[in-house]
């Protein structure tokens, strides 16, 4: 049932919508094909970011890949909670923690230990169009505790023009999703790992700029 | 099945023969470059193979457009315009972030323009973008209220509409032209004629330029274009235009004139897109990976050649 909803939404609705009507183009999307758990990290400018990445995944990875979202934003009403869980396949993370709650890191590591994959936007919020903000520590904390899990750096360009933060009207433009190779963290400390991941995303950005140059 | 295929297709010998010619050329080129790639492997041959691959895509699209039911062709041409406009709007430096919502109006003009073409409302079809949208877009920009550099957007958006929607919709309008007595190939024949000649002109100019090219024709914009390539391509296109004039109602002289218009128009369209790309520093308009984007690179020559040819044949035979 859940499989049907998720496949229907991402593959039958979003995939053709994004590629034909919106103009999202995937570069090296075969890098997303993974057998084990993996963390997909990307810059974040639009709700379309999640949609594009999920729609680009192979069928058999859809159900065990979860976008990570903020509970106060996406868990606001029962309808939003239902859609997040049953259609978007998202994990909702509380930004403010009450006594007795699992820490967000523990919550996400539980999913990784089950063999599931995550889509993380370390910038936290979508921010200004086409700007990369400073990264949150969460990605570092997870990879510090599970250093054997590979991550895939992704750079997206153009999403902030199609559907920027705070806008309701979607305007089609060409946008690119550049997917890097999966890799294992090289460095040790939490902050160092955050920095390494950020550099990996910036390398994808350079590659995007290179590809397009005269 | 009969509903989807246009019923006149099979009896239409002229159209069928030119389709066979196109397929023949493509198969020849594919085999030739495959063998060349085996003997002299290298980037140049790979580029030729890439080009042949995109010709296959182009040819399939246009051949299908002449074979299937016209309604499907109109949707296909509309999508071509849409992808072209989206690409042009995406790479343009002169569109301000505030113009996002105005671009929606540009996109909405596409179904209207193709509907007018489908219904054959010629007068409205002719003025909808150059007159009505030309006024409407600046008006919407004014209503939005961002005046800083508004002049740029007022000029750029209508030009982009002209280049990708108005021009390409003439290809679709060929399918709405009325039947002429004694002229069997009809609008489909004319459509194939202009697309085939425009694309062949590109190939001829490229080939003659590689073989003989010495003198740059427009170096600052398109460094690979030479006078030898242009003249050689021009003359070869005239010859082909003369020999395949069975697709048109033309006399011999008229077919040469049509060939000249298509060759010259194709060149103009090509360098216009080259200049736009040079301004932005792009190599290809959207060609990060083969098979994706790059729509403008495919339709640039057609954008000028198609309407030029359309008005020639319209004024000679349909007016």
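Since every read-out is calculated from the coordinates, none of them should be taken as a lab result. What you are looking at is a predicted structure, and each value in this text was computed from that prediction instead of being measured. Here the Cβ is made from the backbone with ideal geometry for all residues, glycine too, and neighbour counts use every protein chain on show.
The distance from the alpha carbon centre of the range B:10-83 to that of the range B:111-137 is 30 Å, rounded to a whole number. For the listed peptides A:197-207, B:105-115, B:141-151, a ranking on the average number of other beta carbons within 10 Å per residue, highest first, reads B:105-115, A:197-207, B:141-151. With a Förster radius of 30 Å applied to the C-beta separation of residue A:94 and residue A:33, the computed FRET efficiency comes to 0.40. Once you divide the Cα radius of gyration of the range B:83-176 by 2.2 N^0.38 Å, the number left is 1.08.
With each label modelled as a point 7 angstrom along the Cα→C-beta vector, the residue A:70-residue A:206 pair spans 3.2 nm.
Peptide B:109-118 has a mean shielding of 0, counted as Cβ atoms of other protein chains within 10 Å of each residue's Cβ. What does the C-alpha gyration tensor say about the overall shape of the range A:85-131? Classify as rounded when a/c is under 1.5, otherwise prolate if a/b is larger than b/c, or oblate. Here the range A:85-131 falls in the oblate category. A Förster radius of 41 Å combined with the Cβ-Cβ distance from residue B:13 to residue A:20 puts the calculated FRET efficiency at roughly 0.70. For peptide A:199-211, the mean count of partner chain Cβ atoms within 10 Å of a residue's Cβ comes to 1. Please say if chain A is rounded, prolate or oblate, where rounded means a/c under 1.5 for a ≥ b ≥ c the square roots of the C-alpha gyration tensor eigenvalues, and otherwise the choice is prolate for a/b larger than b/c and oblate otherwise? Taking the square roots of the gyration eigenvalues as a ≥ b ≥ c, chain A is rounded.
Which whole number gives the average, over all residues in A:169-177, of C-beta atoms from other chains lying within 10 Å of the residue C-beta?
Averaged over the peptide's residues, the number is 6.
I need the Debye-formula profile for the protein assembly as shown: one equal scatterer per C-alpha, no solvent, reported as log10 I(q)/I(0) at q = 0.09 1/Å, two decimals. The Debye formula, applied to the Cα set alone, gives -0.76. Note on the range B:181-216 and the range B:294-317: Cα centroid distance 11 Å, given to the nearest whole angstrom.
How much length is gained on full extension from residue B:64 to residue B:28, taking 0.36 nm per residue of separation minus their Cα-Cα distance?
Here the segment from residue B:64 to residue B:28 would lengthen by 10.9 nm.
As a rough guide to protection, the peptides B:42-53, A:151-162 ranked by mean Cβ packing within 10 Å, highest first, stand as A:151-162, B:42-53. Model label sites at residue A:3 and residue B:101, defined 7 Å from Cα along the beta-carbon direction, differ in position by 4.5 nm. What FRET efficiency do you get for residue B:115 and residue B:38 if R0 is 35 Å and r is their Cβ-Cβ distance, rounded to the nearest 0.05? After rounding, the FRET efficiency stands at 0.10. Can you bin chain B into rounded, prolate or oblate? Criterion: square roots of the alpha carbon gyration tensor eigenvalues sorted a ≥ b ≥ c, rounded for a/c under 1.5, prolate for a/b above b/c, oblate for the rest. Oblate. In this rough spin-label picture, where each label sits 7 Å from Cα along the Cβ direction, the residue A:82-residue B:108 distance is 3.3 nm. Take A:19-29, A:92-102 and order them by the average number of nearby Cβ atoms within 10 Å per residue, most first; the result is A:19-29, A:92-102. Label zone (residue B:47, point 7 Å along Cα-to-C-beta; backbone nitrogen cut-off 12 Å) within the range B:211-243: B:211, B:223-225. Extension gain, residue B:72-residue B:260: 0.36 nm per intervening residue step, less the Cα-Cα distance, totals 64.6 nm.
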